[in-house]
Amino acid sequence: MHDPKRGASRTWAVPLLLLASAGIALIWEVSARYSARPFAPFTLTPASFAGFEPEVDGWELKAVPVSAYGPEEPNILAFEAARGERRALVRLVHGYNMPMCLKIKEYDVALSKDRVPLPAPGVPCQVWRVTSSVGDTSVWISSLLRAGDFAPTADDVRSLPFPRVGTPDDPRWKPEGLTWKSLRHPLAELRVQLRARWNSSRTDVLTFLRLRQPAWASEELLTLVSRTLTPPGGAARGKDWTDDLESLHAGFARSLRRWKEARGTAGDAPVP
């Protein structure tokens, strides 16, 4: 016997399903548009360091340009350092996950020392051995500083989100659509695009679905990074070179803190 109630439910099933699908699509589109809003500008920018001339015993420091396209750019300062034939680079960046940023660029990153305090003012640092895809090695040192007074912290740099690192790992990266290249190798191109989209989402499902704004650099913490520039196989291999880099790293952090204190905006703790 025909059941009129069952027939009515079947009649309404398809329209209700379509209505629910349209509602989900609308919610997703609104959420995606909201998550695509611009990143908030940083208070601390390269312009904040006008007149900053760091001094580190035994090193010659020279400021180099940083990629600063606006107040949303995390890079703040960069200095090349020279000591005899040895060369190094020191960078100050709004807090980001330096090791993960390197790994997503296909570098091998190994932790050598974990939050070992350097000489005064006792800057806790993490020392890394970084190897490129062609076997070039370098030593990197990272520390986290408070943005308010540049005081050192004992936080692990790996606990921070990391910023966009350039196409195709930019969190705003979007597929280019159909091209002759993608048509020739559709499956391979699809894998590349999905991998880039997943990497740029920082392996976060909601970000991958465009329902959350991509992870960005920290406003409250700064990442101080020092790295060797000496070619592999040369002086960069010795322990003394690592000791020199640690000295440079600590001295630069000390210069930052003293400069901040001289401007009357640092915390209460004096710099040794």
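Just so you know, all these numbers are worked out from the coordinates, no wet-lab data involved. All of these numbers come straight from a predicted model, not from anything done at the bench. As a convention, Cβ positions derive from the backbone with ideal geometry for all residues, glycine included, and neighbour counts pool all protein chains shown.
Just want the ordering: 195, 212, from fewest to most Cβ atoms lying within 10 Å of their own Cβ. Mind dumping the intermediate values first?
Working: 195 12, 212 17.
Going from least to most buried by this count: 195, 212.
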Using a Förster distance of 25 angstrom, determine the FRET efficiency expected from the C-beta separation of residue 20 and residue 206, and round it to 0.05.
-> 0.75
Ranked on Cβ counts within 10 Å of their own Cβ, fewest leading, 27, 104, 76, 141 go 27, 104, 76, 141
Arranged by the count of other C-beta atoms within 10 angstrom, fewest first, what order do 79, 42 take?
-> 42, 79
